[in-house]
Amino acid sequence: MPASAKLLEAGSELPALKKTITQRQIDCYSGVRPQSIHTDVEWAKAKGFPAPLAQALMSTAYVSQMMVAWLGKGFVQGGKISASFIKPVIVGDTLTARAVVKSHEEIGGRPHVTVECWCENQQGVKTLVGSASGFADHLRV
Amino acid sequence: MIEFKTISYEVVTVGEEFMSDDFLIKPEDVETFAFAVDDHDPWYCEDSPYGGTITHPVLLGNQALFMRHSKYIVPAGLHAKMQYEFLQPIRVGMRVRTHGKLIDKYEKRGRHYMVTEFATRDEESGTVLVRGQFTQMLFPKSGVHEDARKR
């Protein structure tokens with residue numbers, strides 16, 4: 001049994017990912033333009049933020065990274081993410097993406113797994129909460 | 001000719017449709033995305049079980065999110081929720097386009113939200129690659145959002 005298969009048990013935690021977000025990464029993700037809360041410092045401040053915000057969608061990429069590394073094809077074809085962005089992420093923040101197996105079942109005769117996932121910043125404040133799921137018949141070792 | 005209006009809760013209409021520009025996925029797009037999210041999985045950079053590389057499943061999220069920019073001037077907004085369903089692997093060389101529809105708008109605790117469903121297709125085959133829906137909060141006319149003060 002590959003090590004990743006053990007993670008199917010409810011309550012198991014996937015390996016966490018840690019990401020410190022730089023302005024250059026935000027620029028690459030969002031595209032640089034003036035009057036953007038993501039890439040224009042002065043505009044972000046004018047909108048009331050202390051610094052440019054990372055686009056919320058960047059955090060879904062971290063969830064996707066965890067799921068692809070684990071489920072592989074079972075996430076690429078048939079995977080889902082449902083996320084709520086509950087706190088802004090500011091340039092320089094270090095996010096930790098985490099996921100815990102919530103349930104597993106069979107769908108169409110295929111093993112299927114759902115995780116509860118979240119991202120938290122360096123202060124332990126959750127910035128994203130949600131769930132992700134996919135088929136567990138092509139686990140990557 | 002599109003007459004761009006500044007987006008607001010009052011101006012958007014439930015049922016109105018959106019469409020992105022078409023977009024050719026290039027190798028440099030995948031490299032840039034990999035750098036942006038620090039995810040250099042060999043499936044995106046070297047080879048995958050699909051025979052050749054694929055892209056990050058979430059690569060095209062911004063194409064969906066920015067559809068409204070094709071109709072409106074969007075001074076700022078906050079993304080509240082995102083739902084993705086990944087149906088088929090996305091590959092470099094595909095020309096893709098996203099269609100969407102505003103399915104709801106609502107007010108909650110004095111804030112305005114719009115909900116858009118979307119589907120991103122490979123233009124050549126018509127295959128749906130990704131679908132889902134997202135909720136965006138519209139900034140108030142004052143331009144400064146209450147949430148900004150919480151950091």
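Summary table below
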| read-out | value |
| --- | --- |
| Exclusive hit being of a type in the set (Lys, Arg), surrounded by fewer than 22 Cβ atoms within 10 Å (Cβ to Cβ) and at pLDDT 95 or above, set B:Lys26, B:Lys71 | B:Lys26 |
| Those residues of the range A:48-62 which are part of a loop (DSSP other than H, G, I, E, B) and facing chain B (nearest Cβ under 8 Å), in sequence order | A:Gly48, A:Phe49, A:Pro50, A:Gln55, A:Ala56 |
| 3 or more residues touching a residue at least 12 places away in the same chain (Cβ under 8 Å), over 19 Å from A:Lys73 (Cβ atoms) and among the charged types (D, E, K, R): qualifying strands (runs of 3 or more DSSP E) within the range B:77-133 | B:95-108, B:111-122 |
| Leading residue by the ranking (nearest to the other protein chains (Cβ to nearest Cβ)) among those in the range B:50-65 that are among the polar types (S, T, N, Q) and assigned to a loop (DSSP other than H, G, I, E, B) | B:Thr55 |
| Options B:Leu87, B:Leu78: the member that is within 14 Å of chain A (Cβ to nearest Cβ), under 21 Å from A:Ser36 (Cβ atoms) and either modelled with pLDDT of 95 or more or over 11 Å from the mean Cα position of the chain (by Cα) (or both) | B:Leu78 |
| Given (1) surrounded by 15 or more Cβ atoms within 10 Å (Cβ to Cβ); (2) among the hydrophobic types (A, V, I, L, M, F, W, C); (3) more than 7 Å from chain A (Cβ to nearest Cβ), number of the condition B:Ala36 does not satisfy | (3) |
| Subset of the range A:83-109 (residues that are within 9 Å of chain B (Cβ to nearest Cβ) and either more than 15 Å from B:Val58 (Cβ to Cβ) or in a helix (DSSP H, G or I) (or both)) | A:Ser84, A:Ile86, A:Lys87, A:Pro88, A:Ile90 |
| Residue among A:Lys73, A:Lys45, A:Lys80 that alone is surrounded by fewer than 21 Cβ atoms within 10 Å (Cβ to Cβ) and at the interface with chain B (Cβ under 8 Å from one of its Cβ atoms) | A:Lys80 |
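The values are calculated or read from the model by the stated rules, or taken from the named source; none is laboratory data. The shown structure was predicted, so the numbers you read here are calculated from the model rather than taken from an experiment. No Cβ is skipped: glycine too gets one built from the backbone with ideal geometry, and neighbour counts run over all protein chains shown.
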